Amino acid sequence: MTIELAVWTVMVLLVIQTGLLVSMTISKWRLIGKSQRLAENRAELLPAFMDYISNETTYLPRLPADRHVKRDVTEWILEELSDRTSNEQERNRIKQAAEELLAADYEQVLNRGDWSARVNALYFIEDFRMNSLRDAVYARYQIVLNHDDEETRQCLRTMAALQDDRAVAEICARTDLSVQLIKDLLNRVQTDQLAACLTEERLEQLPEKTLATVLAYYGETGATRFLPTVEKYLTDARKEVRLKALKSLVHYQYISDPKKLAPFFNSDYWEERMYAAKVTGAAIINEHADKVTSLMEDPVWWVRYAAAEAVKSLDHGQETLNEIAAASTDPFARDMANRMLTMKG
Amino acid sequence: MENWLMYAAEAAVWFVVAYMIAVSLLYVGLFLTAVPKIRRERKLNRKEQIEELSFHKDTYPLSILVPAYNEEVGITTSIRSLLSVHYPEYEVIVINDGSKDATAEKVIHEFAMTKVTYSVRKHMTTEAVTAVYQSELFPQLFLLEKENGGKADALNAGINFSRYPYFAAIDADSVLEEDALLKTMKPIIDSNGKVTVTGGTVRIANGCEIDGSVIKRISLPKKPLEIMQIIEYFRGFLIGRLGFSRANMLLIVSGAFGVFEKSRVIQVGGYDTGTVGEDMELIVRIHRSLRDEQSSQRIEYIQDPVCWTEAPSSAKVLRAQRVRWQRGLAETLFKHKKMIFNPAYGRLGMISMPYYLFVELLSAVFELLGYVIILFGIFYFAETNTELIVMIFFATVLYGSLLSSFAVLLEEWTYHKYEDIKSLYVLYLCALTESFWYRPLTVFYRINGLIAFFKKSPAWGDMQRRGLAGKELKREE
């Protein structure tokens, strides 16, 4: 009886697996065929799309009847053409083609497609800036806003890319967004829109993490209109906010009044001392040369490293480093000076 | 006397059969845990998913550590592969752990390295670093020359030297896919640092066509021994690790490729130089520290294949590798024995650690017992009790061959990396033969590993390399 059971178990499993093998062989065979057809379609239709994008014709090419093939081919070709051009007019034609050929399909996918199809659709809606789907994306976001997954994040990114004001409102309201995601969203929103939305009053009300990220982002844009705001937060009571304001100044490579930096050289927090050195180097503030040189004897490696980099950027930096390497009484400062003198990058 | 033997054999048979069925069911359970995620993300556009990270200023900069000991054959291929990965800001640090061959000379010559003065933080004490070189051609490439201290010691020296907040540890015989770092860092970035370690799926490169440092065509090797290792990797990575990762119980991030938060590794004391299983031991220690701190950080595994490594192509080298793995596992479990069945460590103590003890470590003993019973039975009870032999034979087939052939099907369902139908059949049919030759072979090697654990013989894991690049096949045995 037991033997029979064992034999039957193994045989049944083997039969099931053989069935799976046969089914996978068929699907692999189909996949290979589909890939070949897609490659042929792409090669065949690309020139016609190029004519349309470059405005040589006003007609879009005739596409394969199968909905999935049509979508795959169109996505691939439009992506390819997007990568190849930076011409604004051609980009608009790509957008038009996407709206005409893909919008209805994507709307259906956002409503009824499976998870990966929805996320893929969101990627392409963003890439092709399909404004007609702005509300459909927002509606999807409303359904998934409490999920912590790629679909929620991509809904927000797509909303921001489509310049939907509701994306900025979400940045301000949500406390659970990661720094990277906040940056992703800020990167997509146009600077004018951002300045209009993020007023001084609104900044005051932002959660600490969001405010810190916004300040760092301001520096990355290099937009001088935000510089006074960044400098204002150098005296904020919250350490993280001050650090991001300092980091922002490193990107600006500028500070309106170098005296504002002086307190940070003696900060109790090594991160602030490190950023003071970095700002000094980035903005080439020679009047802080002594302070930054003394930071090369700091107990924290990162501060010494930033100080050495800063000294190297200042006037006569090379000579100063040579002096430290030869004559400093602090072995750590000597090591760091030597490292800075010999290493590249 | 014969009756007594008969009873003992019967009891042993039932024990081994029950064990094998239980483990098979556990694998099925792990698979079922992993399947919703695999199914959901199966058709996700991976390129779009990571496109932005490749130029984003906030993608954390990363140090890639490559410990090398007698790796003159493959080291330049690996470095070239690392220098061509897509990632915004990273450095590559090759740590030559006192190699006796021309590893350092090859790197210095190939990449125009010049000696630089260095200042290194001593987060961990290591054997002396004797020189540091930087490449004239690629300023982000460094070579540390140090006295021999083992792989863990080399990695610790690399951590001490590294500049960035995250580091990737990669074996010198591995090749990374171009977007491997982006894929592996994505969970860390998306989770806002809640993920402290990520491991990626490692695949075997034997048989693949490699041009320079890039995998151009994925195909199967000719030797059955190499094909069986490919299947074994499917089984381990697709069924086991993803299931454990879903429950934050993953205890192994492959030594071939993993990304770590540097501050966390420094906090737990770096790699343990006293074990040959330094990769697993570190992960267990990190888990312990997360548990002790009640931290919400986690260790995650990504299912995408990101790293290709060279598998042993001869039984001799395979033996050396398996002895080292088994010994490393035993050392880690012994060192952290207090965690096993300790409710204070939650699922880790109650499920994960016992799994590694009873399934990954001791299965070699139980399987050996099964083979002994089959052989013993054939000679002594073939006529009187066929049932015993047949039962254990079928259990062995179920446990070995059927699970592995299932893993082959799973790979085809998810990634279907092998492009032709023939490869699918070759893999499937080879998997069905596993119980009859490959499994007994590896059981024997793993028993050797257990013996080595008790004997405590030294090893760096020296492996005869062929090199992954076609042009580096000169040193074939």
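FYI, it's all coordinate maths here, none of it is from the lab. Model, not experiment: these values are computed from the prediction. Heads up, the Cβs are rebuilt from the backbone with ideal geometry, glycines too, and the neighbour counts pull from every protein chain shown.
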**Asked** How far, in nm, would the chain grow between A:TRP270 and A:THR224 when pulled straight, counting 0.36 nm per residue and subtracting the alpha carbon separation?
**Response** 13.8 nm
**Message:** For the pair A:CYS172/A:HIS147, report the inter-label distance in nm, with labels modelled 7 Å from Cα in the Cβ direction.
**Reply:** 2.8 nm
**Prompt:** Out of residues 5 or more away from B:TYR166 or on other chains, whose amide H comes under 5 Å of its own, with H placed 1.01 Å from N in the peptide plane?
**Reply:** B:SER63, B:LYS262
**Request:** Give a quick list of GluC sites (Glu not before Pro) in region B:281-386 that DSSP marks as loop, anything other than H, G, I, E or B, with at most 12 other Cβ atoms within 10 Å.
**Result:** B:GLU293, B:GLU383
**Fill in**
Along the dipole axis of region B:239-391 (charges at Cβ: +1 for Lys and Arg, -1 for Asp and Glu; origin at the Cα centre), the most positive-end residue among B:GLY328, B:TYR371, B:LEU361 is B:GLY328
**Prompt:** From the backbone phi of region A:23-39, what are the Karplus-calculated ³J(HN,Hα) couplings (6.51 cos²θ - 1.76 cosθ + 1.60, θ = phi - 60°) in whole Hz, Gly and Pro given as x?
**Reply:** 5, 6, 4, 4, 5, 5, 4, 5, 4, 4, x, 5, 4, 5, 4, 4, 4
**Request:** For region B:419-434, take each phi angle, set θ = phi - 60°, evaluate the Karplus expression 6.51 cos²θ - 1.76 cosθ + 1.60, and give the result in whole Hz per residue in order, putting x for glycine and proline.
**Result:** 6, 9, 5, 4, 4, 4, 5, 4, 4, 5, 5, 4, 4, 5, 8, 3
**Asked** Modelled label-to-label distance, B:ALA11 and B:GLU89, 7 Å Cα→beta-carbon offset: nm?
**Response** 6.6 nm
**Message:** With angles folded into 0 to 90 degrees, how steeply does helix B:224-234 sit against the dominant principal axis of chain B? Use alpha carbons for both and round to 10.
**Reply:** 80 degrees
**Asked** Assigning unit charges at the beta carbon (Lys, Arg +1; Asp, Glu -1) and nothing else, what dipole magnitude in debye, to the nearest 20, does the protein assembly as shown show about its Cα centre?
**Response** 1120 debye
**Asked** Where the centre of each part is set by its Cα atoms, how far does region A:129-183 sit from region A:1-33, in angstrom?
**Response** 44 Å
**Complete:** As a Kirkwood estimate from alpha-carbon pairs, region A:163-252 has a hydrodynamic radius in angstrom of 12.8 Å
**Estimated FRET transfer efficiency when R0 is 51 angstrom, pair A:ASP114-B:ILE451 (beta carbons, to 0.05)** = 0.50
**Request:** Starting from the coordinates of the alpha-carbon atoms of region B:1-139, obtain the Kirkwood hydrodynamic radius over all distinct pairs and give the value in Å to one decimal.
**Result:** 20.7 Å
**Message:** 5 Å is the cut-off here: which amide hydrogens, built 1.01 Å from N in the peptide plane, fall below it relative to B:TYR301, excluding neighbours closer than 5 in sequence?
**Reply:** B:GLY199
**Residues B:ASP211 and A:ASP290, FRET efficiency given R0 of 41 Å [Cβ-Cβ distance, rounded to 0.05]** = 0.15
**Asked** When a footprinting reagent is the concern and you count Cβ atoms within 10 Å, what order do B:PHE379, B:PHE234 take, fewest first?
**Response** B:PHE379, B:PHE234
**Message:** Let's test the formula: R0 of 56 Å, r as the Cβ-Cβ distance of A:GLU323 and B:SER219. What FRET efficiency results, to the nearest 0.05?
**Reply:** 0.40
**Prompt:** Taking the Cα-to-Cβ direction at B:ALA22 and at B:LYS100 and moving 7 Å from each Cα, how far apart do the two end points lie in nm?
**Reply:** 4.5 nm
**Item:** Whole-number D in µm²/s for region A:39-142 (Stokes-Einstein; Kirkwood sum over Cα pairs; 4 °C, 1.567 mPa s)
**Value:** 92 µm²/s
**Message:** When a/c reaches 1.5 or more, the comparison of a/b and b/c decides; with that in mind, is region A:278-345 rounded, prolate or oblate per its Cα gyration tensor?
**Reply:** rounded
**Request:** Give the longest segment of chain A that steers clear of trypsin sites (Lys or Arg not before Pro) in DSSP loops with at most 14 neighbouring Cβ atoms within 10 Å, not counting the sites themselves.
**Result:** A:63-173
**Prompt:** To the nearest 20 debye, what is the magnitude of the charge dipole of chain B about its Cα centre, counting +1 on the Cβ of each Lys and Arg and -1 on the Cβ of each Asp and Glu?
**Reply:** 700 debye
**Prompt:** Applying the Karplus parametrisation 6.51 cos²θ - 1.76 cosθ + 1.60 with θ = phi - 60° to the phi angles of region B:128-136, what ³J(HN,Hα) value in whole Hz is obtained for each residue in order, glycine and proline being reported as x?
**Reply:** 4, 8, 9, 6, 10, 10, 10, 6, 6
**Asked** Given the C-alpha centroids of region B:236-292 and region A:64-115, what is the distance between them in whole angstrom?
**Response** 42 Å
**Asked** Long-range amide H contacts for B:ALA131: which residues qualify at under 5 Å (H placed 1.01 Å from N, peptide plane, sequence gap of 5 or more or a different chain)?
**Response** B:GLU145
**Asked** Given +1 on the Cβ of Lys and Arg, -1 on the Cβ of Asp and Glu, and no further charges, what dipole in debye does region A:163-252 carry about its Cα centre, rounded to the nearest 20?
**Response** 300 debye
**Request:** For region A:222-288, just the Cα atoms, rotate onto the principal axes and tell me the three extents in Å, largest first.
**Result:** 31, 28, 16
**Degrees between helix B:151-161 axis and first principal axis of chain B (Cα, 0 to 90, nearest 10)** = 30 degrees
**Fill in**
DSSP beta bridges in region B:29-145: the antiparallel percent, rounded to 5, is 40 percent
**Item:** At 0.692 mPa s and 37 °C, Stokes D of chain B from Kirkwood alpha-carbon radius, µm² per second
**Value:** 141 µm²/s
**Asked** In this model, which of B:LYS122/B:LYS455; B:LYS183/B:LYS262; A:LYS95/B:LYS37; A:LYS183/A:LYS247; B:LYS37/B:LYS57; A:LYS244/A:LYS312 are farther than 26 Å apart at the alpha-carbon?
**Response** B:LYS122/B:LYS455; A:LYS95/B:LYS37; B:LYS37/B:LYS57
**Whole-angstrom Cα spans of the protein assembly as shown along principal axes, big to small** = 98, 75, 53
**Fill in**
Per the charge dipole of region A:163-252 (beta-carbon charges, Lys/Arg positive, Asp/Glu negative, Cα centre), the residue among A:GLN190, A:CYS172, A:GLY222 reaching farthest to the positive end is A:GLY222
**Item:** Fraction of beta bridges assigned by DSSP in the protein assembly as shown that are antiparallel (%, nearest 5)
**Value:** 45 percent
**Prompt:** A:SER27 to A:ASN92: extension gain in nm, 0.36 nm per residue of separation minus the Cα-Cα distance?
**Reply:** 19.6 nm
**Asked** Hey, fewest Cβ within 10 Å first, where do B:VAL253, B:VAL202, A:VAL250, B:VAL408 land in order?
**Response** A:VAL250, B:VAL202, B:VAL253, B:VAL408
**Request:** Identify, among A:THR57, A:ALA97, A:PRO47, the residue whose Cα sits farthest towards the positive end of the charge dipole of region A:39-142, taking +1 on the Cβ of Lys and Arg and -1 on the Cβ of Asp and Glu, with the dipole about the Cα centre.
**Result:** A:ALA97
**Complete:** Inter-part gap, Cα centre of region A:302-345 to Cα centre of region B:362-379, in whole angstrom, is 67 Å
